[in-house]
Each structure stands twice: as structure tokens, then as C-alpha cells.
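Data first, discussion second: the structure below is written as C-alpha cells.
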Amino acid sequence: MGSKLPPTRDATIAEAPLVKDPEAIEDRAKVLVVDDDERNLLAIRTVLEDVADVVVANSGEEALRQLLRGEFAVILLDVYMPGIDGYETAQIIRSREQTKRVPIVFLSAVNKESQHLLRGYSMGAVDYVFKPVDPVVLQSKVAVFVDLFTMTKEIQRKARAEQALLDANLRANAERLRIEQELRLAEQRQAAIIQSLPIILYLEEIDANPRIPKFVSGNFAALTGFAFEDIRKSPTLWVDRLHAEDRPRVVEAMAGRSAGQSLSIEYRWQCADGQYKHFLDQAVLLRDAFGNPLEFAGTLLDVTDRKDLESQLTQARKMDAIGQLTGGIAHDFNNLLAAVLGGLGMIERRVSLDDDQARIVGMTRHAAEQGAELVKHLLAFARRQKLEPASIRIPRLAQSVTNLLAHTLGGMVELEWKLSDHLSPVYADAAQLELALMNLIINARDAMPDGGVVTVTAEDREIVEQVGRTGLAPGHYVVIGVRDTGCGIAPEMIEQVLEPFFTTKPVGKGTGLGLSMVYGFVQQSGGEVRVDSELGRGTCVEIWLPRAPDTDAQAEAEAEAGEALNGTTVAMRILLVDDHDGVRATTAALLEDLGHEVSHVTEGAHALDLFRRDPAAFDLLITDYAMPRMSGAELVRQIRGERADFPALIITGYAVADMGASEDIDVRVLDKPFTPEQLKAALRERR
């Protein structure tokens, strides 16, 4: 190599700069030196250590293996080597895709002729270095390739970094686009939800007068019937359409907002269709970071359905309270009426009366019977009366009602029946349905003082599914409608007309129990009453009742069973028990007049003692239901415990709903007050 090489390796290493950056060490260029002479390899390594990392190979085969392990900035290749020489090694390097661009510098000690140089260049060499090698020249040449390699790698690194940055940018843009799409979709969903809800969101200036929101979200038109532009064009529209009863309260609450007060108020507002809706208007004051008021943010919620439900709940509770009261007083009132009617019957049977006396007794009887009917009406409303439903054919019912009302409607009112073809029979109590229709027709007559036509229609209808707030379950129904062309009922009174004692008639013209009786009877029968009315155009009341089962024979048998029973009653020995002295005395007298032998006591324990003394002394037990210490049902159980087939009859002033115990003992029940004919029929049916 000559004297130009550095004297020692240690001196070269001492003069090399220290590299402390791990990435720099890792990215330092490498030079491959290929020579079969170990001394040359050592000398060149020593020269180039400051420029790059030096990797040595002592043959062409070893050089090719090193090329498979990494990248090199330049290859210093000895021309003459045993085995594969430098030319063949260069040719192989140039033929491979991974290494064909690596610069090759041939090392040669001989053959400086042009033909050898041309052959080396044709094999891919970029330069020649002749031995002995000048260290400065070698370093300079290798440094050029190392710098070129380093710059190329830096460009590639920057390109990769820029590409990574670009990819990250694209990913960020794609993510932002996705988030924007999701946000837009969420906003659309939120808007759709708000549009579907009975609510309006609004922003309003603090000192807005008259009231005009500056921003509205929600289906304003669906909620109010007006477009928001209508409010802008007519600033006083909102206040003008407030219900007259609510306007002062709402205006006062709005005025209080100027002092920074929040708002929460319910009121009625007239929509574009003329109907009033109940709105819950709530607003809070928004402030900036310094506490200064900015604007009001509020919601307008349609609570009409909720108010309707609250009204129905209140109505149901009121009806239930009246029903409880009615059921409670029915017993005592019926006992009094039973005693009065029984006493009058005794007078008529046992005393010879002149015409005036008979007229007075008749008037008294009529008044007592009216009282009994009044209790029945109240019990019908309270749904506590005893019903005997059966299959009823509407055409036959129409004929019966027409005959009953022939002299009641007068010459100025005409009754017209419109029954659909193939009309199904209805399942209800015949007497109560007849009474209900008479009440409705008479009400229709009273609504037409100048005369007119009362039209009664009947048709089959089917409810497939329960819709809205109707109380009817899906099924088949018969709908009977009574329509008049009279004065009609005000909308605010529609809900009240079904209440007991409420009437639109003048004082003394009605009790207010007609429609309430109809309502109670229909509800107890599993149906519904619907009232549709318009002032000046008339009223239509519909009765929805269940259709009767398809049992024609049963319907005929039940119709025949309603006829009065004829024949005589065999005299019996009767044990009568009633804690009410008047009822007990009159009932005993009536039984004796019918030819029976009666033993009567005031309480169940005494009656049980008499029976146990001589069970064969009695043929029938007649007992009041409600008595102190022992009820009538319990007395029947005690007696039948000793004589299982002993016949018994319970008389009661209670509503049937309060007498579930009587069903357990299989006994006939007779309601007070009863007529002699009803008592006779009950004695025939005793069990």
C-alpha cells in the first residue's frame, strides 16, 4: 500500500469523531471491500473507517453473501481473485435487481491498458483505483459515493416521512369527514325526533314585546296549525288566541320575565282549527360568562292528552265515590221503602177505604214506588244493580218501546226506526235496555220543543283492535243510536251529561238521572256510551252493547221465562228473620195474607235456635242479608249444615255487588222493596 497509509489503526480511531446518536450510527453508510489479500483488507478498512462502516469479503462468493444481508454505498472490488474474479462478481451484482445500482469501484494492481479498463466499465464499474492505493484519493472517492448514498437515503427518509404525513393527513381528513357525516346524521335524527314530538324549542329575546321568538325548532305548524311566519306577520297572534280565562294569568307571567324570572305555566291556546290545546310553556334565562342576561331558551309542550287523562281519572274517581255512596245508602233506603210499601199493601188488603182514602193511599204508594225507582237508577249508575242479561232482538224491542211511548211523545214529535238488515241480537238486560231507550228518546223529545223527528238506528259493528282511549275490547257489538235535531249540548258540558243529577233542563223538569242510568247500565253490561252533539244541530247518543251468542232457541226460552207465573202457592210454615221491625212486620203480614204460617224473629242466632229445637217445624227460611252478629248467608249455611236440602230465600236492600256470599250457598235473592207478585214468584222458585 505504501508509506501513505496511516501508521497505526489506533491513531486513526483516536482522530475519528465520536457519534452519539443511535439513529445516526444505525443509518451510517456501509462500504463493501472485496479482496483476497487480508493485508489489503486491513489497510483499506483502516483508511475508510472515518468515512463509513467497512464490511470485508475475501472472495466473490463471500461478497455476494454480504450483499444479501444489507445495503452498501459503494463496493470496492479487487479485479483478480481466485474462484470468481472481480469481473464475474461485478456481472452478477449488476444482474440482480436489488444490487444493480450499487456503485462498483475496481481495485487493480496491474492492467492499466484501455482494453482492461473498458472491460471493467462494461461490467458495471464506475471507477478504478490502482494499487498501491493513495489513502487520500481512496477516501475522497469513497466519500463521494457515501455522501451520495447518505443524501439518497435522506431523500428517501424525507419522502417516507412526507408520505406518512400525507397518509396521516388523508386519514385525519377521512376521519373528520366521517365525524361530520355522523354529526349531520345525528342532527337529522334529532330534528326528525323533535319534529315528531308534540314539542317546540325556541329562543326569545328578553324584552320581546309582543312575544315573537327569534328561533323555533320543531313542527310548529303541526302543533298549532299556523306557520311560524304567521306569528312574525301578526305579532299579537299568540296573546290574542289565549283562552279568555287564562290570558290575564299568562300575560302577568310573561311580564315577570323582564325581572329575570324563569317561566313555567300551563294555559289553553286556540289552534288554527278552532280547537283549544293545553300547552306547558317553560323557559330559562341564559347568561354570558359575566352573568349578563342574554336570552330566554324555552320549550312549548302539548299536554292536551295528559290533561284529558287527568280529567278522565278525576271523573272516574268522582263516579266511583258516588257509586260507593249509592251502594251504602241503598240498603237503608230500600228497607224504609219496603216497610212503607208493605204497610200500604196491608192497609189496602185489610181496610175498606172510600174513594178519597184510596186516592191518598195510591198517591203515597206511587211516591214510594218513585223512590224505589230512584234507588234503582242510582244503582244502575253505580253499576251495582242486579242484571239478568239475555239475547234481545232489536225489532221486538223497537215494537215494545214504540207502544210504551205512543202517548208520551205527543203529536209534534215523530219516532222513526232505522234498523239494518240482518241485525244481530244484543246481549243485555231486557228491562234495563228498554228503560234506557225510553230515557234517551224522551230526552230527545225534550230537546225539540218545536217538534221534529227522533231517529233510532241499530247496526252491527266490529272492533278489531283497541284504539285511543275507548274502553271497548275487540269484538262484535250492536250499536243503537238515538238522534234528534234539537238544540244540542255545549262542548264543555258533554262530559257532564253522564253525571248523576246533572241536567240541562229547567228546574223541576228533570232529575238528571236519565243519562247517568243509561251510562251505568251500559258500562255494567260490557258496553260503552258515546255522545256527539253540536249546538243548534242536535245530539246523537250511541249505546254500544255486546252482540248476543248465536243461540236462537235460548233467546226464545229466556223471553218466555220472563212471563208471569200463574197458579196457586201451597201454604207453608215460614221462619222469617229481619232486624228491621217495619220490614219484618209488613213482610210477615203479607205472607200471612198469602195463606202461610209465619214465625218471625229479629236476629240469626234466635232463628237458628228455633230451627234446632224442631227442624221439621219449618218448610222455608226467609232471611234478611245484612244483620248484626250473623248475616243471612251465614244463617243459611248453619241451617243447611244440619239439613242440606232446606229451602231458603234472602231478601235484601243491598246492591248485588255487595252480596257475593249469596252465590256460594245457592240461594234465591229478592231485592227490597218487592211487590206481592214478586214475593209470590220468589216463593214458587225457592231452592
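The values are calculated or read from the model by the stated rules, or taken from the named source; none is laboratory data. Values in this document were obtained by computation on a predicted structure and should not be read as measured data. Here the Cβ is made from the backbone with ideal geometry for all residues, glycine too, and neighbour counts use every protein chain on show. We work out accessible area using only protein heavy atoms, side chains counted, and drop any ligands, DNA or RNA first. Shrake-Rupley method; radii C 1.70, N 1.55, O 1.52, S 1.80 Å.
Expressed in nm to one decimal, what extension gain is obtained for the pair T364 and R247 from 0.36 nm per residue of sequence separation less their Cα-Cα distance?
The span from T364 to R247 would gain 36.6 nm if fully extended.
Which FRET efficiency value, to the nearest 0.05, do you get for I193 and R537 by plugging their Cβ-Cβ distance into 1/(1 + (r/R0)^6) with R0 = 41 Å?
0.50
From the Cα gyration tensor of segment 112-166, with a ≥ b ≥ c the square roots of its eigenvalues, which class applies: rounded if a/c is under 1.5, or else prolate if a/b is larger than b/c, or else oblate?
Oblate shape, in that a/c is at least 1.5 and b/c is the bigger or equal ratio.
Report the GluC sites (Glu not before Pro) located in segment 193-288 that are in a DSSP loop and have at most 16 other Cβ atoms inside 10 Å of their Cβ, or state none.
The qualifying sites are E205, E245.
Excluding ligands, DNA and RNA, what is the solvent-accessible area per residue of segment 108-226 at a probe of 1.4 Å, expressed in Å²?
66
So what is the accessible area of segment 588-655 per residue, in Å², with the probe set to 1.4 Å?
Value for segment 588-655: 41 Å² per residue.
Efficiency by 1/(1 + (r/R0)^6): what FRET value for Y80 and R157, r their Cβ-Cβ distance, R0 = 30 Å, to the nearest 0.05?
0.20
What order do you get for 183-190, 211-218, 667-674 when each peptide is scored by the mean count of other beta carbon atoms within 10 Å, highest first?
667-674, 211-218, 183-190
Report the trypsin sites (Lys or Arg not before Pro) located in segment 405-475 that are in a DSSP loop and have at most 13 other Cβ atoms inside 10 Å of their Cβ, or state none.
Answer by residue number: R469.
Within segment 143-160, which residues have the backbone N less than 13 Å from the label spot 7 Å out from E175 along Cα→beta-carbon, could you tell me?
Flagged as within label range: none.
Among 303-309, 542-548, what's the highest-first ranking by average C-beta atoms within 10 angstrom per residue?
For the peptides 303-309, 542-548, the packing ranking is 542-548, 303-309.
With every protein chain kept in place and ligands, DNA and RNA left out, what is the accessible area per residue of segment 396-495? Probe 1.4 Å, answer in Å².
Heavy-atom accessible area per residue stands at 53 Å².
With label points built 7 Å along Cα→Cβ from the Cα atoms of L185 and S352, find their separation and express it in nm.
10.5
Work out, step by step, the length gained on full extension between L280 and V129: first 0.36 nm times the residue separation, then minus their alpha carbon distance; give nm to one decimal.
Extending this stretch completely gives an extra 44.5 nm.
Place a point 7 Å from Cα of A297 in the direction of its Cβ. Which residues in segment 210-226 have their backbone N less than 20 Å from it?
212-220
Count neighbours as other Cβ atoms within 10 Å of each site's Cβ, and list the GluC sites (Glu not before Pro) in segment 29-90 that are DSSP loop with at most 13 such neighbours.
E71
Given a 1.4 Å probe and every protein chain left where it sits, what share in percent of the accessible area of segment 388-487 is carbon and sulfur?
50
Counting only protein heavy atoms and using a 1.4 Å probe, what share of the accessible area of segment 127-257 belongs to carbon plus sulfur, as a whole percent?
Ligands and nucleic acids excluded, carbon and sulfur reach 60 percent.
Order the peptides 148-155, 483-490 from the highest to the lowest mean number of other Cβ atoms within 10 Å of their residues.
Top to bottom by mean Cβ count within 10 Å: 483-490, 148-155.
Please report the accessible area of M448 (heavy atoms, 1.4 Å probe, ligands and nucleic acids excluded) in Å², nearest 10.
Here the residue's solvent-accessible area equals roughly 10 Å².
Less than 20 Å from a label point 7 Å out along the Cα-to-Cβ axis of A208: which backbone N atoms in segment 292-314 qualify, by residue?
Those under the cut-off are 292-303.
Could you calculate the FRET efficiency of T602 with L472 from 1/(1 + (r/R0)^6), where r is the beta carbon distance between them and R0 is 30 Å, rounded to 0.05?
0.05
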